[in-house]
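J.: One structure, pasted below without further comment.
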Amino acid sequence: MALLSGKTALVSGVANSRSIAWGIAQAFHEHGARVAFTCLESTQRRVAKLAAEVGSDLVFPCDATNDEDIARTFADVGKAFDGKLNILVHSIAYARIEDIRGEFLNVTRDGWRLALDVSAYSLVAMARAARPLMKAAGGGAIMTMTFAGGSRVSPGYNMMGVAKAALECAVRYLAYDLGPDGIRVNALSPGPLPTVSAMVVEYFDQIVEKFETVSPMLRAMTPRDVGNAAVLYAADISSAMTGAVIPVDGGMDLMIASAGAHPRARPKAHKS
Ligand SMILES: NC(=O)c1ccc[n+]([C@@H]2O[C@H](COP(=O)([O-])OP(=O)(O)OC[C@H]3O[C@@H](n4cnc5c(N)ncnc54)[C@H](O)[C@@H]3O)[C@@H](O)[C@H]2O)c1
């Protein structure tokens, strides 16, 4: 069943084939959407190769901290899609290593600004630029990627946790502003995936191990898991769902912190 046939999507945040955004783009393509990409200029050639795999030659370089880049990108998207856009995926984050490792107490003013700008404000700027194209399409779906470290302490996530808290709050205010235009705004909150961004998170291996031994589904996530959830939130079947933070974590959000020490903690799941 193609849930997105006839829809147009702009996907940000593909850096390589491990990126969450790539899993989303593949799922969108399989469900019939036309997909355009926006990425940092430094990754443009790699992204263009991946885009070709889903039948797209629409790759627009854009630094999400640069308002002129954003304006130009959405103008180009408008031209490519006859002035209409149904879906926007925001899958962008950055913080300096020194601001996510060690003691959070030591985060610098510059590091704070940078992380918030790239990882949270960029959603607001992109949503504002997408609005006219989505209104012309009769509504739309915007989604971003957060992590549980935005609402609880995840050691080694530090400044990125603060950025995710801001991002999740922005989702709620954007959902309120854009609801009357038929534009829904949601956040997906995946469990750990071994992407370039995740590799700088301290204790990442231990987090994955915990998902594999403690979470209800006994495994870490794949970009495709997130892609599948993204299809749900992009499709009309979630027509009244907005302002939500949706875990895509194999149920880990259910568990209490002491679960790993529980005598009935289970072994790794068998792969069939
Ligand atoms: N990997 C995980 O375990 C995990 C878990 C939960 C949430 N997330 C979130 O998912 C999103 C995607 O991350 P990922 O794990 O796929 O890693 P990734 O490194 O593949 O993607 C991050 C993307 O952000 C882009 N980016 C950084 N600065 C930018 C800027 N100024 N302008 C435009 N693009 C910029 C990078 O080019 C890259 O494409 C991030 O928001 C991340 O925090 C990741």
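The values are calculated or read from the model by the stated rules, or taken from the named source; none is laboratory data. All values reported here derive from a predicted model rather than from experimental measurement. A quick note on method: Cβ atoms are made from the backbone with ideal geometry, for glycine too, and the neighbour counts reach across all protein chains shown. For the accessible areas, the whole protein counts, side chains as well, though only heavy atoms, and no ligand, DNA or RNA atoms are used. Shrake-Rupley method; radii C 1.70, N 1.55, O 1.52, S 1.80 Å.
J.: From (1) among the β-branched types (Val, Ile, Thr); (2) open to solvent by 10 Å² or more (accessible area, probe 1.4 Å); (3) part of a strand (DSSP E or B), pick out the condition that doesn't hold for VAL89.
T.: Result: VAL89 passes all but (2).
J.: Just to verify a result, which residue in the stretch 1-44, among those that are of a type outside the set (D, E, K, R), part of a helix (DSSP H, G or I) and free of Cβ contacts under 8 Å to residues at least 40 places away in the same chain, is nearest to the ligand (Cβ to nearest atom)?
T.: Only one residue fits best here, namely THR43.
J.: Right, next: When you check ILE183 against the structure, is it among the β-branched types (Val, Ile, Thr), surrounded by 16 or more Cβ atoms within 10 Å (Cβ to Cβ) and in contact with a strand residue (DSSP E or B) (Cβ under 6 Å, 6 or more places away or on another chain), yes or no?
T.: For ILE183, the condition - among the β-branched types (Val, Ile, Thr), surrounded by 16 or more Cβ atoms within 10 Å (Cβ to Cβ) and in contact with a strand residue (DSSP E or B) (Cβ under 6 Å, 6 or more places away or on another chain) - is met.
J.: Which numbered condition in (1) near the ligand (Cβ under 10 Å from one of its atoms); (2) under 21 Å from PHE37 (Cα atoms); (3) open to solvent by less than 30 Å² (accessible area, probe 1.4 Å) is the only one that PRO223 fails?
T.: (3)
J.: Another question, if that's okay. Kindly indicate whether ASP63 is open to solvent by 40 Å² or more (accessible area, probe 1.4 Å), part of a loop (DSSP other than H, G, I, E, B) and either touching a residue at least 12 places away in the same chain (Cβ under 8 Å) or away from the ligand (no atom under 15 Å from the Cβ) (or both).
T.: Yes; evaluated as a whole, the condition is true for this residue.
A quick yes/no check of all residues on (1) on the phi > 0 side of the Ramachandran plot; (2) touching a residue at least 40 places away in the same chain (Cβ under 8 Å); (3) among the β-branched types (Val, Ile, Thr):
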site	(1), (2), (3)
ASP76	no, no, no
LYS84	no, yes, no
ILE100	no, yes, yes
VAL107	no, yes, yes
ALA120	no, yes, no
ALA125	no, yes, no
ALA130	no, yes, no
ALA137	no, yes, no
ALA141	no, yes, no
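J.: Filter the stretch 108-166 down to residues that are under 22 Å from ALA240 (Cβ atoms) and aromatic (Phe, Trp, Tyr), then give me how many there are.
T.: Matching residues across the stretch 108-166 total 0.
J.: State yes or no: is VAL162 farther than 22 Å from ILE87 by Cβ, in a helix (DSSP H, G or I) and in contact with a Phe, Trp or Tyr (Cβ under 9 Å, 6 or more places away or on another chain)?
T.: So VAL162 fits the description; yes.
J.: While we're looking at this one, here's another question. Name the residue, out of MET126, MET159, that is over 23 Å from LEU50 (Cα atoms) and open to solvent by less than 10 Å² (accessible area, probe 1.4 Å).
T.: Going through MET126, MET159 in turn, just one is over 23 Å from LEU50 (Cα atoms) and open to solvent by less than 10 Å² (accessible area, probe 1.4 Å): MET159.
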